[in-house]
Amino acid sequence: MPKYSLPSAPLLLLVTDRTRYGDRSLEDVFIPALAGGVNMIELREPDMTARDLLGEAERLRHLALGGVPLVIYDRVDVAVASLADSVHVNSESLPVPAAKQAGRGILVGKTVGSVAEAVAAEQAGADFVVVEPVFFSRYALGREPLGPTLVRRIKSKVHLPLLAGGGITAGNAHQVIAAGADGVSVVSEIVGSDDPRAAARYLATAMRQAWQTRPLLRESLV
């Protein structure tokens, strides 16, 4: 068995955004969210220094004990230093092969916005892809939503676990799961909720229900 692996699908990846915590701590948000069904967590705070990111990563690592993978956005150095399970790179990050080499065996995920980018990511050795923004998102202002149809097209061309992100809610998660996504990447739906546990539970339930409607896709690579 590989040292690093993803949980069984459907995947519910919760991404940090400390600007949305209000008077709550990171633990106030993530402990109940994990109890509600989150099975992956990602540290994405692009304005933090490497030192501060490492501190946040160590806090998340403590919360993620018990098999919940910790993903670090963009920063391979922080991922390695914090003993994270994965790094999530974008078009401006290290290329996938370089990230894999520098990451010392950790999983490398890649943000993609087209079939061509997804195919290239797979050929480069990515372990999973994140398609975003699928729907309108405050984190992707000025970018047109890609839509569930692109999720379906990408899933038909690559043989990697695929997460859909950007504007995902409990009300639309079934669309991306039905289109072939192995899970979702979310921020606002859970982090912005007054009840992160309930928000996570609603999302997890919506995905599980949608999963049962796509028997031909149920045998995931995840």
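Please treat every number below as a calculation from the coordinates, not as lab data. Keep in mind that what you see is a predicted model, and the values were worked out from it rather than measured. Every residue, glycine as well, gets a Cβ built from its backbone with ideal geometry; the counts of neighbours run over all protein chains shown.
Given the C-alpha centroids of region 164-180 and region 27-100, what is the distance between them in whole angstrom?
What the calculation gives is 22 Å, centre to centre.
How long is the gain from Gln209 to Ser5 if the chain were fully straight, where each residue apart is worth 0.36 nm and the alpha carbon distance is subtracted?
Values: separation 204, 0.36 × 204 = 73.44 nm, distance 2.40 nm.
That works out to 71.0 nm of additional length.
How much net charge surrounds Thr49 when only the other residues with a Cβ under 13 Å from the Cβ of Thr49 are counted, with Lys and Arg +1 and Asp and Glu -1? The partial results should precede the final answer.
Details: positive: Arg51, Arg75; negative: Glu45, Asp47, Asp52, Glu56, Asp77.
Local net charge: -3.
Which order do Ser5, Ser25 fall in if you start with the one that has the fewest other Cβ atoms within 10 Å? Don't skip to the answer; put the middle values down first.
Values: Ser5 14, Ser25 11.
Placing the least packed residue first, the sequence is Ser25, Ser5.
Provide Met48, Met40 in ascending order of the number of other Cβ atoms located within 10 Å of each residue's Cβ, fewest first. Show your work: numbers first, answer last.
Working: Met48 18, Met40 24.
With the sparsest Cβ surroundings first, the list reads Met48, Met40.
Give me the number: length gained by fully extending Ala178 to Leu83, i.e. 0.36 nm times residue separation minus the C-alpha to C-alpha distance, one decimal in nm.
30.8 nm
Among Phe128, Phe30, Phe136, which one shows the highest mean-square fluctuation when the chain is modelled as a Gaussian network with alpha-carbon springs under 10 Å?
Result: Phe136 has the largest fluctuation of those listed.
Return the calculated 222 nm mean residue ellipticity for the chain, to the nearest 500 deg cm²/dmol, obtained by summing -39500 (n - 2.57) across DSSP H runs with n ≥ 4 and dividing by the residue count.
Details: 9 runs with 82 residues, N = 222.
Only helices count here, giving -10500 deg cm²/dmol.
At Ala102 and Arg24, where each label point lies 7 Å from the Cα along Cα→Cβ, what is the point-to-point distance in nanometres?
3.3 nm
Among Val29, Ala173, Ile41, which residue has its Cα positioned farthest towards the positive end of the charge dipole of region 11-211, with +1 placed on the Cβ of Lys and Arg, -1 on the Cβ of Asp and Glu, and the dipole taken about the Cα centre?
Farthest towards the positive pole: Ala173.
Under 20 Å from a point 7 Å along the Cα-to-Cβ line of Ala124: which residues of region 17-57 have their amide N that close?
43-46
Sort Asp47, Asp23, Asp85, Asp77 so that the residue with the fewest other Cβ atoms within 10 Å of its own Cβ comes first and the one with the most comes last.
Details: Asp47 8, Asp23 5, Asp85 22, Asp77 16.
Listed from fewest to most nearby Cβ atoms, that is Asp23, Asp47, Asp77, Asp85.
Quick query: amide H of Lys110 versus all other amide H atoms, modeled in the peptide plane; which residues come in under 5 Å with a sequence gap of 5 or more or a different chain?
Val89, Phe128, Val129, Val130
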